[in-house]
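See structure below.
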Amino acid sequence: MTAPLTADAHEYGLVGDGTADDGPALQKLVDALGDATAGDGRPRTVRVPAGRYLIRDKPVLWRSGVSLVGAGRGATCFALTNPGAHAQPVPLAWFTTAQHGAGRDHHIADVTFARFEIDGLGVETEEYEVLAKGLGLQYVLRGRFSDLWIHDTAATGFGCDFLQDTVVEGVLTERCGRQDPGEKMGGAGIGIGVGGWGPVERLAVTDCTARGNGTNGIFLELQQDDWIPPRGIRLTACHAEDNRYGISDWGADGLLVTGCTMLGNHVAGFDVSAQGTTSVGGRGGLVTGCVIDGNAGDGIALGNTPGPYGFHGNRVSNNGRYGYWEHNLSGGDQEPATDIVLESNDIHDNALDGIRVDAPLHEPAIFGNRVRGNGRRAAPEAHGGGEGVHCGPLLLTDERADWLPGGHRGKELTIGGGEPGGAEVTAVVTDNTATRLTLAPLRPGAGTAWPDGTPAPGTAYRLPDSPAVRAGLTAAAAVTHPYVHGNRVRDDGHPRTQVHAVWIAPEATWTGGRVSGNDFSGNGSASTRFDSAPSGGRWRDNAG
């Protein structure tokens, strides 16, 4: 067979009728073009006209120098399925270290994947299989992944690792990680392993959207704990919504996250922690100009990092627990995080504390922030049932209620169980009006909060009480030599739900540093509450 620089897929045996298995013909074409490229050094392109191309039971082993370009999202679709091989994951294209010996000296180079859809709904493995991806390539050099729509895969949608001199742009991932209950490795919209190329990996991820995926919207993960966390990775103008985590840094160095939106994720909008396979958190990153809003848990969750890390000019608002939460998970780095910077952020209307420190910090800098109107979870416990109580897929209405708007944000609603032996179910409240609770979906990508169908009218419910202390800034761990300057930490709402500007909890120590030039006036109770007195340092010129 001849090997043109551009091959029309239909001329080489692909049908695209949604019935015929196009995998063998695509594999044959990729091998022929790959052999030709290896012979003359000239990359080739497969152009795939509009159609639905079935890839059945076996993924396509990809070759260096071969690009795949469709006629557009929704026009060219690769439908993955495994009816004859239920133990076999079927990504569209794969080339991995474990299966194929991929590495720095055995990599894929000069490839483009662009302008097509991957439908993973037809793949169902006997057990969760991390390789059941949409794309699963490792060690790619000079790659470009552009204008792709990947959805409903059993594991991660875009699951490519070690991408050098590569651009990932305009990739939409939806409902990926379908078989992941939320606690397995993978199961993300876009999951990128890092560290394989050494201390620098030149990768740009831009204008991508990840919605309703089982674990992360987008994550970067160090793949071996003895590798150097790499620099050079940038995330720009991406959107992560209704995932378990929005964007996660699990082992990069100096990750740049700029102009992104992280909305309605279930645990946190932005996460740095030891949850990756190597239990290594990111360090040295910068998050700038992002909107981190309405996540069911925390806006920013940071821990298991030696530092530094900087958050500049972000809006962190309406989250169901803390705006910013410093904490460490077991199994990862436990040393104090050094040089954490929160600067010029607008942290407002979060359910509990605006900034909460539950892990040691050394020389943090918190300056120029507006920390206002937090502690929204101020409503007392409540219960009801009977006439006037109605449920929808993502709401509960009690026509006789008179709740504080936003006062149940982030609480766990318990419903049912009123009859002897009756089962209780729970759901997380994302917001409320005087009579209506809005609920988070049961899991990312779901259309309902209820595992067994919408409860019947009149079903009994209850909501827990709210914590008494809800501060703008809470220290509940060791904080040494902090610099806290020029912040406005107040509450102008009616009622004022942010009880204190600063609370040093009984378990905290606050040693040295400077707290000066802040506006701590106008909170619900006193400006400060010291259940553990600060030691040394300077507190001066703070209003209130």
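The values are calculated or read from the model by the stated rules, or taken from the named source; none is laboratory data. A quick note: this is a predicted structure, and the numbers were derived from the prediction, not measured. For neighbour counting, all protein chains shown are included, and Cβ atoms are generated from backbone atoms with ideal geometry for every residue, glycine included. Note: accessible area is taken over every heavy atom of the protein model, side chains too, but ligands, DNA and RNA are not part of it. Shrake-Rupley method; radii C 1.70, N 1.55, O 1.52, S 1.80 Å.
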Count of the range 55-74 residues which are over 16 Å from Phe145 (Cβ atoms) and either without any contact (Cβ under 8 Å) to a residue 40 or more places away in the chain or basic (Lys, Arg) (or both):
6
Scanning the range 325-344 for residues that are in contact with a strand residue (DSSP E or B) (Cβ under 6 Å, 6 or more places away or on another chain) and open to solvent by less than 20 Å² (accessible area, probe 1.4 Å), which turns out nearest to Ala477 (Cα to Cα)?
Glu326
Without any contact (Cβ under 8 Å) to a residue 40 or more places away in the chain and part of a loop (DSSP other than H, G, I, E, B): which single residue out of Pro457, Pro405 fits that description?
Pro405
Starting from residues that are farther than 17 Å from Glu343 by Cα and surrounded by 22 or more Cβ atoms within 10 Å (Cβ to Cβ), keep the ones in the range 295-304 and report whichever is farthest from the chain's Cα centre (by Cα).
Asn304
Being out of contact with any strand residue (DSSP E or B) (no Cβ under 8 Å at 6 or more places or on another chain) and among the basic types (Lys, Arg) narrows Arg377, Arg372 down to just Arg377
Would you mention how many residues in the range 45-69 are surrounded by 22 or more Cβ atoms within 10 Å (Cβ to Cβ) and closer than 12 Å to Ala7 by Cα?
3
Counted residues, the range 186-204 - those being part of a loop (DSSP other than H, G, I, E, B) and among the hydrophobic types (A, V, I, L, M, F, W, C):
2
Six or more apart or on different chains, Cβ under 6 Å: which pairs go from a residue in the range 327-350 that's under 11 Å from Pro306 (Cα atoms) and in contact (Cβ under 8 Å) with a residue 60 or more places away in the chain to one that's open to solvent by 40 Å² or more (accessible area, probe 1.4 Å) and assigned to a loop (DSSP other than H, G, I, E, B)? Could you list them?
Pro336/Pro360
Hey, Thr125 hits all of (1) at pLDDT 95 or above; (2) surrounded by 18 or more Cβ atoms within 10 Å (Cβ to Cβ); (3) over 24 Å from the mean Cα position of the chain (by Cα) but one; which does it fall short on?
(1)
Residues Gly120, Gly41: which one is over 20 Å from Glu11 (Cα atoms) and out of contact with any strand residue (DSSP E or B) (no Cβ under 6 Å at 6 or more places or on another chain)?
Gly41
Quick check on this structure: which one of Phe219, Phe162, Phe145 is crowded, with 23+ Cβ neighbours inside 10 Å, out of contact with any Gly (no Cβ under 8 Å at 6 or more places or on another chain) and either among the aliphatic types (A, V, I, L, M) or not in a loop (DSSP other than H, G, I, E, B) (or both)?
Phe145
Between residues in the range 12-30 that are more than 14 Å from Pro59 (Cβ to Cβ) and residues that are buried (at least 21 other Cβ atoms within 10 Å of the Cβ) and among the polar types (S, T, N, Q), which pairs lie under 9 Å by C-beta distance while being six or more apart or on different chains?
Gly16/Thr76
Hey, can you tell me all the residues within the range 386-396 that are part of a strand (DSSP E or B) and open to solvent by 20 Å² or more (accessible area, probe 1.4 Å)?
His390, Cys391, Leu395
Output the strands (runs of 3 or more DSSP E) that fall wholly within the range 461-544 and possess 1 or more residues being open to solvent by less than 40 Å² (accessible area, probe 1.4 Å) and over 24 Å from Gly406 (Cα atoms), or say none.
471-475, 478-480, 483-485, 500-504, 509-511, 514-516
When restricted to Thr430, Thr438, Thr448, the only residue polar (S, T, N, Q), under 34 Å from the mean Cα position of the chain (by Cα), at pLDDT 95 or above and not in a strand (DSSP E or B) is Thr448
